[in-house]
Amino acid sequence: MTEFNLKTIQQIPSDIDKSIVLIGMPGIASVGKLCISSLINALSATKVTEVFCSDFPPHVLVEPDGLLYVPRTTIYHSRLEDGGTKDLFLITGDYQPTTSIGVYEFADYLAKKCAEEFKAELVIATAAFVRDNLTEIPHVFISSTSQETLDSFIEADNAELFKNGTVTGANGIIPAMAAALYDVTGVCCLGETAPVLQSDPRAARAIIEVLNQTLHISNDVTNLTPFLDELIKEIEPVYREAKNKLDMDKMRDRTRDQPYIS
């Protein structure tokens, strides 16, 4: 059985009536983690809780200054006042659990906390949608446990319906379990990327644009993405090289599949 240890950093406000939870655990191209980290920084969110899980990888991290750091999941809170009070909880971490049982128990632990402690009405997970190519403007693929919620999300620019597939890991299971066990609507927002990239801030930024159009977090989306915008500039050469390679590989595959006619 997976064990969880909780460290409270700051008490959450006692007057929360309902909230929205945004999750981005580590995964392919760090899309979800980048997305949530950018929002945490932009909103100056307050750290409220750290969760330690016995199914995280069995090692500690060493910081640049030589200090040891135990892997954890961290939960932040932000209260938006513009256009009416809106409480957001933002969850990210260093790792996902390493076993299937661990992932399910971790998902249930967080889903229950979202429903009972955070009074969530919506749990949204952000992650990667893996393709064999890179596009200039990544699409965001949406799935949900609610048809009404799904319809509202796919109205956003560059949002598309995700159908006939699977979402692997905690980023998929947490929102689905929140709905199945705790009657909280779940959503997955998956940014289009390719596995050749170690990190893809473009895909993370595309998700934030969809979230902002749907949830109205800020009047100007660039207020939410300065961290990502800097990363996009930094990785531009890497992105171009990866895109050109993928495009050439696809062209070679199409040429190879053409019949030889003499």
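Read the figures in this text as sums done on the coordinates, not as results from a lab. If you're wondering where the values come from, they're calculated on a predicted model, not measured in any experiment. Neighbour counts are summed over all protein chains in view; Cβ atoms, including those assigned to glycine, are modelled from backbone coordinates with ideal geometry.
Give the residue from Pro195, Phe106, Ser19 lying farthest towards the positive end of the charge dipole for the chain; charges sit on Cβ (+1 for Lys and Arg, -1 for Asp and Glu) and the dipole is referred to the Cα centre.
Pro195
Please identify the longest segment of the chain free of exposed trypsin sites (Lys or Arg not before Pro), where exposed means a DSSP state other than H, G, I, E or B and no more than 13 other Cβ atoms within 10 Å.
Counting only loop sites that pass the neighbour cut-off, the longest clear stretch is 19-162.
What does the charge count near Asp229 come to, summing +1 for each Lys or Arg and -1 for each Asp or Glu among other residues with Cβ under 15 Å from its Cβ?
Taking every other residue near Asp229 into account, the sum is -3.
Need one number: the % of Cα-Cα pairs in the range 192-243 sitting beyond the 15 Å mark.
Tail of the P(r) past 15 Å holds 47 percent of the pairs.
Just to be sure I understand the model, the point goes 7 Å from the Cα along the line to the Cβ. What's the resulting Lys47 to Ile137 distance in nm?
Spacing of the two 7 Å Cα→Cβ label points: 3.8 nm.
So what is the diffusion coefficient of the range 81-140 in µm² per second by Stokes-Einstein at 4 °C and 1.567 mPa s, using a Kirkwood Rh over Cα pairs?
In µm²/s, the coefficient is 88.
Only sites in a loop by DSSP and with at most 13 other Cβ atoms within 10 Å count here; which GluC sites (Glu not before Pro) in the range 1-84 make the cut?
Those satisfying the criteria are Glu3, Glu81.
How charged is the neighbourhood of Ile154? Take every other residue with its Cβ under 13 Å from the Cβ of Ile154, and add Lys/Arg as +1 and Asp/Glu as -1.
Cβ neighbours under 13 Å give a net charge of -4.
Relative to the compact-globule scaling 2.2 N^0.38 Å, provide the ratio for the alpha-carbon radius of gyration of the range 55-101.
Ratio of Cα Rg to 2.2 N^0.38 Å: 1.68.
Expressed as a fraction of 2.2 N^0.38 Å, the rule-of-thumb size for a compact globular protein of N residues, what is the C-alpha radius of gyration of the range 19-89?
Output field value: 1.30.
Could you tell me what % of all Cα pairs in the range 160-252 have separations over 22 Å?
46 percent
Kirkwood Rh, Cα Rg: Rg to Rh for the range 1-157?
On the Cα set of the range 1-157, Rg over Rh gives 0.97.
If amide hydrogens are placed 1.01 Å from N in the peptide plane, which non-local residues have theirs closer than 5 Å to the one on Gly93?
Thr74
Beyond a 21 Å Cα-Cα separation, which of these cross-linked pairs lie in this structure: Lys7/Lys47; Lys47/Lys233; Lys86/Lys163; Lys86/Lys113; Lys33/Lys233; Lys163/Lys233?
Checking Cα-Cα distances, Lys47/Lys233; Lys86/Lys163; Lys163/Lys233 exceed 21 Å.
In a Gaussian network model over the chain where Cα atoms closer than 10 Å are linked, find which of Asp220, Asp108, Asp65 has the largest mean-square fluctuation.
Residue with maximal mean-square fluctuation among Asp220, Asp108, Asp65: Asp65.
Return the label of the correct value of Rg and Dmax of the Cα atoms in Å, as calculated from the structure shown, out of (1) 23.1, 70; (2) 19.2, 78; (3) 17.4, 54.
(2)
What are the ³J(HN,Hα) values, in whole Hz, obtained from phi via the Karplus relation 6.51 cos²θ - 1.76 cosθ + 1.60 with θ = phi - 60°, for each residue of the range 5-20 in sequence order, with x given for Gly and Pro?
Once rounded to whole Hz, the list reads 10, 10, 10, 7, 8, 8, 5, 7, x, 7, 9, 5, 9, 7, 9, 10.
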